[in-house]
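The values are calculated or read from the model by the stated rules, or taken from the named source; none is laboratory data. Here the structure is a predicted model, which is why all the values come from computation and not from measurement. Surface areas here come from the heavy atoms of the whole protein model, side chains and all, with no ligands, DNA or RNA. Shrake-Rupley method; radii C 1.70, N 1.55, O 1.52, S 1.80 Å.
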Amino acid sequence: MLSCKKEKPEFEIQKSYHTFVIDGHLEECTLQMGAGNFKTECYSVTESNNTFRLAKEYLKFDTYETGYRYTVKVLREQKILNREPYQDETYLPHYTVLEVLKKEKL
């Protein structure tokens, strides 16, 4: 009797550390989830002269206060499928602030 085993996808979480500068004001933005969009707030983030917006749902920053510019150390968690970064509209990389390196009043 022959048995056919279906190979399960090989998921793992890749962790990396980054330093972000986060602007002192949240901006309104739109997140695309599945077939719909919803409004949320985004942080304006700079890393190595590259500025981008990051929805607050994907950056855990419990001590954020409007009116301050932060330099923070973050943990990035990226889902990996079969040794390749996996990203779709429901699973984007998640970030967690580990340490506030600098807090400047604007």
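Subtract the Cα-Cα distance of ASN37 and ASN50 from 0.36 nm times their separation in residues, and report this length gain in nm to one decimal.
Here the segment from ASN37 to ASN50 would lengthen by 2.2 nm.
What do you reckon, how do TYR68, TYR17, TYR43 stack up by accessible area (1.4 Å probe), largest on top?
From most exposed to least exposed: TYR17, TYR68, TYR43.
Give me the percent of accessible area attributable to carbon and sulfur for the stretch 13-67, probe 1.4 angstrom.
Carbon-and-sulfur percentage of accessible area, whole number: 44.
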